[in-house]
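Visitor: If you scroll down you'll find the structure; I have some questions about it.
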Amino acid sequence: MANVFYIVQIILAITLIVVILLQVKSASLGGAFGGSDASIYTTRRGVDKVLFQFTIILAVVFLVTSVLVLLFAR
């Protein structure tokens, strides 16, 4: 049973990495130090909003599977 959770967790981890990398926008080094005009408080629309919500869902599912691995690995 724990092997199934390991496989699911690996798939979730890879998917989570891909979804996070898809969210990265073009940001310069100056933006890291507050030098850009882009505001943090922008409204997410379209695909950006869907990716953001999907990332949250994947992170929660990954957390739940991590706890289940701990419970079933005993």
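Visitor: Does segment 22-42 contain at least one residue that is at pLDDT 75 or above, out of contact with any Phe, Trp or Tyr (no Cβ under 9 Å at 6 or more places or on another chain) and in a helix (DSSP H, G or I)?
Guide: Restricting attention to segment 22-42, the residues satisfying the condition of being at pLDDT 75 or above are 22-23.
The next check asks that each one be out of contact with any Phe, Trp or Tyr (no Cβ under 9 Å at 6 or more places or on another chain); those that pass are 22.
The next check asks that each one be in a helix (DSSP H, G or I); those that pass are 22.
There is at least one residue in segment 22-42 that is at pLDDT 75 or above, out of contact with any Phe, Trp or Tyr (no Cβ under 9 Å at 6 or more places or on another chain) and in a helix (DSSP H, G or I).
Visitor: Name the residues in segment 44-74 that are under 18 Å from the mean Cα position of the chain (by Cα) and among the basic types (Lys, Arg), would you? Quick ask: steps written out before the conclusion?
Guide: Of all residues in segment 44-74, those under 18 Å from the mean Cα position of the chain (by Cα) come to 44-67.
Hits for segment 44-74 are ARG44, ARG45, LYS49.
Visitor: Also, I was wondering about something else. Step by step: first the residues of segment 47-68, then only those that are among the β-branched types (Val, Ile, Thr) and modelled with pLDDT of 90 or more, then the one that is surrounded by the most Cβ atoms within 10 Å (Cβ to Cβ). Which residue is that? Talk me through it step by step, then tell me what you get.
Guide: Here is the first cut: in segment 47-68, the residues among the β-branched types (Val, Ile, Thr) are 47, 50, 55-57, 60-61, 64-65, 67.
Narrowing the set further to residues that are modelled with pLDDT of 90 or more leaves 55-57, 60-61, 64-65, 67.
Details: THR55: 16, ILE56: 10, ILE57: 12, VAL60: 10, VAL61: 15, VAL64: 12, THR65: 19, VAL67: 10.
Among residues in segment 47-68 that are among the β-branched types (Val, Ile, Thr) and modelled with pLDDT of 90 or more, the one surrounded by the most Cβ atoms within 10 Å (Cβ to Cβ) is THR65.
The values are calculated or read from the model by the stated rules, or taken from the named source; none is laboratory data. Given the structure is predicted, the values throughout are model-derived calculations rather than measurements. Please note: Cβ atoms are built from the backbone with ideal geometry, for glycine as well, and neighbour counts cover all protein chains shown.
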